[in-house]
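Every number in this text was worked out from the coordinates using simple rules, so none of it is lab data. What you are looking at is a predicted structure, and each value in this text was computed from that prediction instead of being measured. Cβ placement follows ideal geometry from the backbone for every residue including glycine, while neighbour counts extend to all protein chains displayed.
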Amino acid sequence: MSTINDQITDSVNQINTLLMGSAPMQSMGMLNVTASETIGMSMFNAVSAQQNAQTSASAAAAASCAKMLQQSPPPPAKKPTPEVKPDPSQVEALVKELLKKQDDSQKKQDDSQTPAKS
């Protein structure tokens, strides 16, 4: 039989105890690292999604503004002309003038149709 030095077996037992004792701490450390990395990635994804949504909203607003600027404005509404009521004395004077002109043209026509006396 071979004999193993007591110091070697003691050293192996101490390393096994050390590894068994540090395993829960190491696994918790790995869990914490994984959790923090996951949270960081989810925050990055949230920020990216928010930036993309803002970019899309800005593009939609710019396209709407451009479309509004390209359209021509409607023509201005015409102002209604106020109704002018004629003055009866002006109407009477105009009728007399027109009748006088008609009489004058009638006389000229009659004069041109009558044979001239020699």
>> Counting other beta carbons within 10 Å of each residue's own, what order do LYS79, LYS101 fall into, fewest first?
In response: LYS79, LYS101
> How far is helix 88-113 tilted, in degrees, relative to the longest principal axis of the Cα atoms in the chain, given as a value from 0 to 90 rounded to the nearest 10?
Replying inline: 50
>> Given all pairs of different Cα atoms, what value in angstroms does the Kirkwood hydrodynamic radius of the stretch 1-68 take?
In response: 17.5
>> Angle check, please: helix 6-70 long axis (alpha carbons) against the longest principal axis of the chain (alpha carbons), in degrees 0 to 90, nearest 10.
In response: 0
